[in-house]
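Reading through the structure tokens given below for one structure.
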Amino acid sequence: MDSREDLSRYCVMDDEDQVIEPAVIVVFGATGDLSLRKIFPALYNLDRMERLHPQTKVLGFARKNHSREEFVGLIENAVSRFSHMQPAQPEVLARLAARIDYFCGELDDPEAFARLASLLCDPDLPANKLFYLAVGPDLFGPTAKRLAEAGLGSADRGACPGGTFRRLVVEKPYGSDRTSARSLSKTLQDCFSEHDIFRIDHYLGKETVQNLIYLRFANSIFEPIWNRNHIESIEIDVLESGGIGTRGGYYDRAGASRDMMQNHLVQLLCLTAMEPPASLRPESIREEKVKVLNSVRTYSKEELLARSVRGQYGPGKFADGSETAGYRAEPKVASDSRTETFAALRLEVDNWRFAGVPFILRTGKALDRQMSEIRITFRRPPSTLFQGHCGDKLAPNALTIRIQPDEGMWIGFNAKVPGVAVIDVNELRISYRERNNDYFPEAYERLIGDALAGDPTLFIRADEAEEAWRLVDALVEAWNEGNAPLVIYEAGSSGPALPRP
Ligand code: BG6
């Protein structure tokens, strides 16, 4: 479907009354990797789709001494390299450039924040502000504090009043365990109201991830079988073929469990397992997601060891053919590092719907493929007819939801092979990507648009972040205290297998 075509014949879910107000978007860490690869290309795409208010301005805040022109040049270059909407259109680039200004300052300098406040209080600028913290995680709290000290906290508390909002967008990682996440929330909530804090998990902005709610609840065929009576197991895989690149400094402290499982995999788990929400209002959905996390069974350390595996890539070849001497040889990684680059965990959501159904979460780097998907395997039919004869050779029906790449879904059915009495699996496939290739927005586009519109549905609530940490803290503690083996797997392989139940 062309997103610009007449939508009158479709069921349109967007809130037609939603008003996108003008705002100043202040990007902290404006010359960093995240800003250049994701945030500014997303702003360009939003501008191109006419989803930014004409009066919206963008202020890049960073340490480097750039002129406005140099900064605009950086952004134009980044858009041309990283926007998915190519080629970049000169008139949109010019429109974006006209919105942009640059502010040179240090994040630990109160004087810089005082200057920022007096600049932002200019009555000629939109009164609403969106502060985007694209900085290191140790700077989330201190930057929010400096903003509040300069009178730029939530609109109801600050100096230069006016406008309807002052919002804070916070990147990941959100804390490094439950305690630090809680204390970060406390710091942020001292400066901004919870409803003004937008915690990012970019997986939630992916179209295929948003589609999970549509797929489950806008169809009537799935819901009756979406439970322990019909489902045998659910596997959630986020597998990456690349290594950790130049991110060793951060990654060696985080590992796959904190970097991926606590956020992206847990979010996929929540959307797959949650009950139908009472409405599509943000709080209804977020409430149901938290309930899933509350229902994840608490395991003893021994149980966790038996249900999980941690691995680290050793020497081998990446999928692109390049070679690696292994994780421990990566820059800024300790040569005796025990950080996991692969984590898998089998858990159960102990509620009425899913009790007894194993959920298998798996993520890793330097694997033989780059692929994220959710696979729902249904129980085999009763044994009377084919099952009795074929046993395990009769494939169970499985629904696969491919998050990326080749976004789509398919379901496997058993069917007769013509000419012989043989059963083979036939797949019914939908390529979500091909059907919608005309405009397939990137996660950051959606998330920045939603933060500007004040819609928190696709952002993480404080209690949700804490509950997700509860799972990961227990796993990491069990690994460390139980001296779990660290399986060294060959880079480019499929990674270690989970112990059998
Ligand atoms: C980030 C992790 O959150 O997600 C990275 O820090 C990971 O380690 C990335 O590579 C994966 O995101 P995507 O969108 O490329 O699947």
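No lab work stands behind these numbers, since they all come straight from the coordinates. Worth saying up front: this structure is predicted, and the values here are computed from it rather than measured. Ideal geometry is used to build each Cβ from the backbone, glycine not excepted, and the neighbour counts take in all protein chains shown.
Miscellaneous remarks
- Three-way shape call for the range 420-501 based on the alpha-carbon gyration tensor, with the a/c threshold at 1.5: oblate
- Note on the range 108-238: Cα Rg divided by 2.2 N^0.38 Å, N the number of residues, gives 1.43.
- Label sites at ARG9 and SER322, each approximated as a point 7 angstrom past Cα along Cα to Cβ, lie 4.8 nm apart.
- Using the Cβ of HIS230 as centre and a radius below 13 Å, the other residues enclosed give a net charge of +2, where K and R count +1 and D and E count -1.
- DSSP finds beta bridges in the chain, and of those with both partners inside it, around 55 percent are antiparallel.
- Ranked for footprinting exposure by Cβ neighbours inside 10 Å, fewest first, VAL238, VAL487 give VAL487, VAL238.
- Seen through its C-alpha gyration tensor, with square-root eigenvalues sorted a ≥ b ≥ c, the range 306-366 comes out prolate because a/c lies at 1.5 or above while a/b is bigger than b/c.
- Lysine pairs in the range 276-377 with Cα atoms under 24 Å, if 8 or more residues apart or on separate chains: 4
- Rounded to the nearest 20 debye, the dipole magnitude of the range 329-478 is 800 debye, with +1 charges on Lys and Arg beta carbons, -1 on Asp and Glu beta carbons, and the Cα centre as origin.
- Tilt relative to the chain, helix 443-453 - C-alpha long axis, 0 to 90 degrees, to 10: 50 degrees
- Extended-chain gain in nm, criterion 0.36 nm per residue less alpha-carbon gap, ASN294 and ALA218: 24.8 nm
- From the alpha carbon centroid of the range 342-416 to that of the range 206-259 is 12 Å.
- If you model the chain as an ellipsoid using its alpha carbon gyration tensor, with each semi-axis the square root of five times an eigenvalue, the axes come out at 40, 27, 23 Å, biggest first.
- Given their separation in residues at 0.36 nm each and the Cα-Cα distance between them, ARG81 and ARG338 gain 88.9 nm when the chain is fully extended.
- Cα-projected label distance for LYS186 with ASP108, points at 7 Å along beta-carbon direction, nm: 2.3 nm
- Using Cβ point charges alone (K and R +1, D and E -1), the dipole size of the chain about the Cα centre works out to roughly 1000 debye.
- Note on CYS104, CYS11: ascending count of other Cβ atoms within 10 Å places them as CYS11, CYS104, the fewest first.
- Gyration tensor verdict on the range 350-501 (Cα atoms; rounded if a/c is under 1.5, prolate if a/b is larger than b/c, oblate otherwise): oblate
- Rounded to 10°, Cα long-axis angle of helix 282-295 versus longest principal axis of the chain: 50 degrees
- Dipole check for the range 19-142: with +1 at the C-beta of Lys and Arg, -1 at the C-beta of Asp and Glu, and the Cα centre as origin, the magnitude is about 380 Debye.
- The angle separating the long axis of helix 110-120 from the principal Cα axis of greatest extent in the chain is about 80 degrees.
- For a 4.7 Å threshold on C-beta separation, the list of partnerless cysteines in the chain reads CYS11, CYS104, CYS191, CYS270, CYS390.
- Given charges at Cβ of Lys, Arg, Asp, Glu: the chain dipole, positive-most of PRO137, CYS390, LEU46: CYS390
- For the chain, the residue among SER372, GLY205, VAL420 whose Cα projects farthest onto the positive side of the dipole built from Cβ charges is VAL420.
- The residues packed around TRP469, meaning those with a beta-carbon under 11 Å from its beta-carbon, carry a net charge of -2 if Lys and Arg are +1 and Asp and Glu are -1.
- Calculated mean residue ellipticity at 222 nm for the chain: -9000 deg cm²/dmol, from DSSP H runs with n ≥ 4 weighted as -39500 (n - 2.57), summed, divided by the residue count and rounded to 500.
- Residue-count net charge about GLY32 - beta-carbon cut-off 13 Å; Lys, Arg +1, Asp, Glu -1: +3
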